[in-house]
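A.B. asks: Structure below; questions to follow.
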Amino acid sequence: MNKILVFVLFLIAMGVQAQTNDFKPVNNRAEVEDKLLAASGELHTITCNFVQKKHLEYLSAVIESNGQFWFEKPGRLRWEYMDPFKYIVLINNGMFTVVDEEKTSHFDLKKNAAFRELNAIISSSVDGTLIESDKFNVDILENKDYYLVQLDPRNEQMKDILNKIELYFSKLDLNVEKTRMIETAEDYTEIIFKNRQYNVAVGDDVFKAAK
């Protein structure tokens, strides 16, 4: 189970270190935070494509994959990898489900604290409310295109897996356009959300293992 947890976290994560040279701390942090949370409050569903780029110190090539993503508040999610391999992560009705080409694994969030924590991180990263979490030290920066929210885990066990989370909020719509999960100074995973649609109806079948 621990191997699945670590693998899923690395998949859904979000240089070398993050390239933030053109970002500067915001002058009006409280105002920016209020704007981001207000935009999140108006967000109910997300449908989009994504491109994931995995950077590893020992590989010269970037590992790239892509797929589709659906999210519905308060906590239903389907993260479906389509190329170069098929892999699905589902969160629905208190269950965390992992589907690969060989088997389907189910985990009860009420009975599993690790997956419950992972569920909270994924959902709140997607809708932007992770900036409210007391489990991270939070910095907010900006450039002309983005607000960059950097989150450093306070929990030492989490730091062993994940050094930092970065959320890139587009200044056009104040929603998350890109995430980056930094494992070490050289290893990180970047996910770019494309063709984003907000607050469109999402059918119940999307959040089932067989769609």
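None of the figures in this text is laboratory data; all of them are computed from the coordinates on show. Since we're looking at a predicted model, the values are computed, not measured. Every residue, glycine among them, receives a Cβ derived from its backbone with ideal geometry; neighbour counts consider all protein chains shown.
A.B. asks: What aspartates and glutamates does Lys144 reach when the alpha-carbon gap must be under 18 Å and sequence neighbours fewer than 8 apart in one chain are set aside?
C.D. replies: Asp22, Glu31, Glu33, Glu166, Asp173, Glu177
A.B. asks: Give the distance, in whole Å, between the Cα centre of segment 72-96 and the Cα centre of segment 136-211.
C.D. replies: Cα centroid of segment 72-96 versus Cα centroid of segment 136-211: 15 Å apart.
A.B. asks: When N counts the residues of segment 2-198, how does its alpha-carbon radius of gyration compare numerically with 2.2 N^0.38 Å, as a ratio?
C.D. replies: Relative to the rule-of-thumb radius for its length, segment 2-198 sits at 0.98.
A.B. asks: Here is a further query. If the limit is 24 Å between Cα atoms, which of Lys103/Lys135; Lys35/Lys111; Lys86/Lys194 go over it?
C.D. replies: Exceeds cut-off: Lys103/Lys135; Lys35/Lys111.
A.B. asks: Continuing with this model, one more query. With only Lys, Arg, Asp and Glu charged, each at its Cβ (+1 for the first two, -1 for the last two), find how big the charge dipole of segment 2-198 is about the Cα centre; round to the nearest 20 debye.
C.D. replies: The dipole of segment 2-198 has a size of about 380 debye.
A.B. asks: To continue, here is another question. Helix-derived [θ] at 222 nm for the chain: sum -39500 (n - 2.57) over DSSP H runs of at least 4, divide by residue count, nearest 500?
C.D. replies: Helices in the chain give a 222 nm mean residue ellipticity of -6500 deg cm²/dmol.
A.B. asks: Another question, then. Among Tyr87, Tyr168, what is the fewest-to-most ranking by other Cβ atoms within 10 Å?
C.D. replies: Ranked by crowding around the Cβ, least crowded first: Tyr87, Tyr168.
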